[in-house]
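A short worksheet on the structure shown next.
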Amino acid sequence: MFGQNVKYPLLMALLIAFADALPIIGSGTILIPWAVVGSIQGDINLAICLIVLYIIITIARQLLEPKVVGSQIGIHPIFTLIAMYTGYKFIRNSWYVCADQLL
């Protein structure tokens, strides 16, 4: 898994970290296309490593984000998780209403 032939690994790591810090972009906008291009070019090992890395980042983010946000605002992580889920559902349902109005 380690020792992949990646040119400029530090620069790529900084680019992925910057994209991950942005709320809408995320690390997947870099890792998934990179894995697709790698698999098309025949470097399946690199593609698998990138997909596994993306899965690890996503799971870690989902587990740690409520704890970090909760400690920053001073509420229990479970309430933060409930609020994030409720906001997600509300925005998704609001989009359905807006889309229905537009059509």
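Please treat every number below as a calculation from the coordinates, not as lab data. All figures in this text were calculated on a predicted structure; none of them were measured in a lab. Ideal geometry is used to build each Cβ from the backbone, glycine not excepted, and the neighbour counts take in all protein chains shown.
Could you give the nm distance between label points at I55 and I82, where each point is 7 Å from its Cα heading toward the beta carbon?
3.2 nm
Tell me, in nm to one decimal, what length is gained between L64 and A13 on full extension, where the rule is 0.36 nm per residue of separation less the Cα-Cα distance?
Numbers: separation 51, 0.36 × 51 = 18.36 nm, distance 2.00 nm.
Full-extension gain reported as 16.4 nm.
For the chain, what is the calculated [θ] at 222 nm in deg cm²/dmol (nearest 500), taking -39500 (n - 2.57) for each run of four or more DSSP H residues and dividing by its residue count?
-27500 deg cm²/dmol
Can you list the DSSP H helices in the chain whose Cα atoms extend at least 20 Å along the helix axis and whose mean Kyte-Doolittle hydropathy is -0.5 or higher?
44-73, 77-102
Taking Cα pairs under 8 Å and at least six residues apart, what relative contact order does the chain come out at, in percent?
On the way: 51 pairs, mean separation 14.8, N = 103.
So the answer I get is 14 percent.
What fraction of the Cα pairs in region 9-102, stated in percent, has a spacing above 21 angstrom?
Taking all Cα-Cα pairs of region 9-102, the fraction more than 21 Å apart is 51 percent.
Is region 1-60 rounded, prolate or oblate when judged by the Cα gyration tensor, a ≥ b ≥ c being the square roots of its eigenvalues, rounded requiring a/c under 1.5 and prolate requiring a/b larger than b/c?
Since a/c reaches 1.5 and a/b is larger than b/c, the shape of region 1-60 is classed as prolate.
May I ask you to compute the full-extension gain from I32 to I73, defined as 0.36 nm times their residue separation minus their alpha-carbon distance, rounded to one decimal in nm?
Here the segment from I32 to I73 would lengthen by 11.5 nm.
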